[in-house]
Ligand code: NAI
């Protein structure tokens with residue numbers, strides 16, 4: 001803590017470098033900068049205390065400073081133990097007007113290479129606004145990526161009501177054991193913490209497919225504590241970030257991790273949703289021969305039409321030099337699959353959680369040996385002497401081994417985030433405890449800003465044409481069911 005600002009980052013002296021990159025990124029994030037201009041007088045987020053959990057990168061720094069420019073009081077963590085860019089975290093703490101000696105920015109708790117215990121500790125700190133009299137003050141808004149904060153609040157409240165945190169059982173993951181320990185400690189030291197903060201939370205805006213899935217499950221069970229906006233399914237998010245973002249950052253991660261020539265290799269991509277489509281295109285762009293594994297016949301047919309071979313992981317695993325999971329599902333690559341992989345084949349995941357690849361199963365194989373080549377790149381040697389390279393310990397490799405998506409595509413995603421925060425915070429009474437999407441007019445607004453920034457020239461509909469196709473001259477141009 002320096003002055004009134006509490007935080008924990010790797011190295012505050014990296015702030016100057018971070019600020020330079022943030023300044024470059026601002027030019028590449030026209031959507032966020034347009035929102036700053038549009039709302040600079042109004043401060044629509046004044047009074048908002050936003051708890052943010054999203055990869056603490058340079059791009060996220062521009063998002064955070066946009067929320068602050070709109071009046072919000074923000075605290076932040078990364079939503080992954082490997083995804084923080086330490087210079088960005090430092091620059092956000094120092095802020096545009098502070099110094100290393102006198103930081104004036106935002107409370108960030110994030111560094112690259114946290115342990116799971118540290119990760120959840122950071123999340124807990126982020127939820128606790130310091131008060132002069134020591135009373136409990138939590139957020140009134142959540143901005144989540146993957147749903148960890150939302151989950152923690154829901155579980156914290158559930159266990160406080162029950163008066164007990166259940167013991168871990170054998171099937172629980174290491175991470176879940178950490179969460180249970182944290183909540184047990186919270187119950188012992190501050191038994192009404194979540195009961196106090198939960199009622200004040202007006203809503204959550206969720207960034208990614210996996211987090212959105214968790215929200216719909218909570219809503220279906222009638223357990224969602226506050227309204228939620230599904231940012232992921234804005235067209236200008238998932239059809240851009242998930243697809244074109246991964247098209248950029250998947251091979252960036254593989255290259256920085258291994259520097260192996262992708263051309264000519266056989267790559268196996270599990271999942272052909274938005275992330276899978278971008279990932280497959282990025283590997284093919286480098287000249288890899290790409291095989292897709294899918295469960296959904298529609299996506300499998302799309303893959304075939306796009307010119308990819310479609311096969312199962314089981315039949316294709318032995319042919320692949322590079323294996324990438326993109327499903328958002330669990331148990332895609334088993335320990336048995338890994339043993340069947342080619343010598344020195346590369347294995348990584350770009351889906352949100354680390355349960356797509358059975359890392360625990362790999363570690364349990366008799367005679368297995370793990371060698372760190374460099375952080376987030378590990379060579380696993382089987383008893384036979386055969387090896388495989390595993391990236392980011394099975395966590396999302398585009399953020400673990402590289403710097404995630406570039407600014408321009410994140411401008412589109414984060415513009416939706418800012419609009420969603422304003423919407424839920426300023427019109428809270430209009431939303432029930434359900435999951436909503438932003439209206440199409442706002443999606444088109446975000447797209448328009450980015451089309452203009454790229455110098456694209458939009459065709460204007462005549463009144464006559466608009467009437468003929470049954471839309472307004474100013475949009476929206478498509479019905480809700482249109483798929484893009
Ligand atoms: P999506 O739902 O569009 O695609 C997932 C695809 O995987 C679906 O087509 C589904 O049929 C397929 N699938 C499910 N189980 C499968 C199995 N057992 N075998 C083969 N295919 C299977 O979801 P989206 O948007 O592509 O996201 C995927 C994951 O990536 C999510 O966890 C999401 O949160 C994450 N994500 C990661 C990003 C990153 O930068 N690393 C960016 C955006 C999303």
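The values are calculated or read from the model by the stated rules, or taken from the named source; none is laboratory data. Please read all numbers here as calculations on a predicted model, not as lab measurements. Heads up, the Cβs are rebuilt from the backbone with ideal geometry, glycines too, and the neighbour counts pull from every protein chain shown.
Summary table
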item: Residues satisfying the stated conditions in the stretch 182-194, i.e. part of a helix (DSSP H, G or I) and in contact (Cβ under 8 Å) with a residue 12 or more places away in the chain; result: 182, 183, 184, 186, 187, 193, 194
item: Residue count, the stretch 375-387 (criterion: more than 16 Å from the ligand (Cβ to nearest atom) and either crowded, with 24+ Cβ neighbours inside 10 Å or on the phi > 0 side of the Ramachandran plot (or both)); result: 1
item: Complete set of residues in the stretch 197-210 that are more than 16 Å from the ligand (Cβ to nearest atom), touching a helix residue (DSSP H, G or I) at 6+ places or on another chain (Cβ under 9 Å) and in a helix (DSSP H, G or I); result: 197, 198
item: Condition check for residue 390: more than 29 Å from residue 218 (Cβ to Cβ), surrounded by 17 or more Cβ atoms within 10 Å (Cβ to Cβ) and modelled with pLDDT of 95 or more; result: yes
item: Residues located in the stretch 255-275, provided they are over 16 Å from residue 342 (Cβ atoms), in a helix (DSSP H, G or I) and more than 11 Å from the ligand (Cβ to nearest atom); result: 255, 256, 257
item: Qualifying residue in the stretch 64-84 (condition: farther than 26 Å from residue 3 by Cβ and modelled with pLDDT under 95); result: no
item: Residues being in a loop (DSSP other than H, G, I, E, B) and over 24 Å from the mean Cα position of the chain (by Cα) - total across the stretch 163-181; result: 9
item: Residue list for the stretch 124-162, filter: more than 16 Å from the ligand (Cβ to nearest atom), in a loop (DSSP other than H, G, I, E, B) and touching a residue at least 40 places away in the same chain (Cβ under 8 Å); result: 127, 129, 130, 136, 137, 138, 139, 140
item: Some residue of the stretch 132-140 being under 17 Å from residue 155 (Cβ atoms) and touching a strand residue (DSSP E or B) at 6+ places or on another chain (Cβ under 6 Å); result: yes
item: Residue in the stretch 301-318 that is out of contact with any strand residue (DSSP E or B) (no Cβ under 8 Å at 6 or more places or on another chain), buried (at least 18 other Cβ atoms within 10 Å of the Cβ) and either within 18 Å of residue 357 (Cβ to Cβ) or at pLDDT 95 or above (or both) present; result: yes
item: Yes/no for residue 450 being away from the ligand (no atom under 16 Å from the Cβ), out of contact with any strand residue (DSSP E or B) (no Cβ under 9 Å at 6 or more places or on another chain) and either within 30 Å of residue 356 (Cβ to Cβ) or touching a residue at least 40 places away in the same chain (Cβ under 8 Å) (or both); result: yes
item: Single residue of 424, 391, 399 found to be within 11 Å of the ligand (Cβ to nearest atom) and under 28 Å from residue 119 (Cα atoms); result: 399
item: Pair list, Cβ under 7 Å, 6 or more apart: the stretch 462-484 residue under 20 Å from residue 240 (Cβ atoms), other residue part of a loop (DSSP other than H, G, I, E, B); result: 477/471
item: In the stretch 194-236, residue surrounded by the most Cβ atoms within 10 Å (Cβ to Cβ) [restricted to those that are in contact with a strand residue (DSSP E or B) (Cβ under 9 Å, 6 or more places away or on another chain) and more than 18 Å from residue 148 (Cβ to Cβ)]; result: 227
item: All positions within the stretch 343-353 that are closer than 18 Å to residue 392 by Cβ and away from the ligand (no atom under 16 Å from the Cβ); result: 344, 345, 346
item: Filter pass, residue 65 being over 20 Å from residue 9 (Cβ atoms) and out of contact with any helix residue (DSSP H, G or I) (no Cβ under 6 Å at 6 or more places or on another chain); result: no
item: Criterion (within 13 Å of the ligand (Cβ to nearest atom) and not in a helix (DSSP H, G or I)) met by exactly one of 233, 241, 252; result: 233
item: Complete set of residues in the stretch 211-229 that are within 12 Å of the ligand (Cβ to nearest atom) and under 21 Å from residue 484 (Cβ atoms); result: 212, 213
item: Scope the stretch 155-196; condition under 26 Å from residue 55 (Cβ atoms) and out of contact with any helix residue (DSSP H, G or I) (no Cβ under 7 Å at 6 or more places or on another chain); matching residues; result: 172, 173, 176, 177, 180, 181
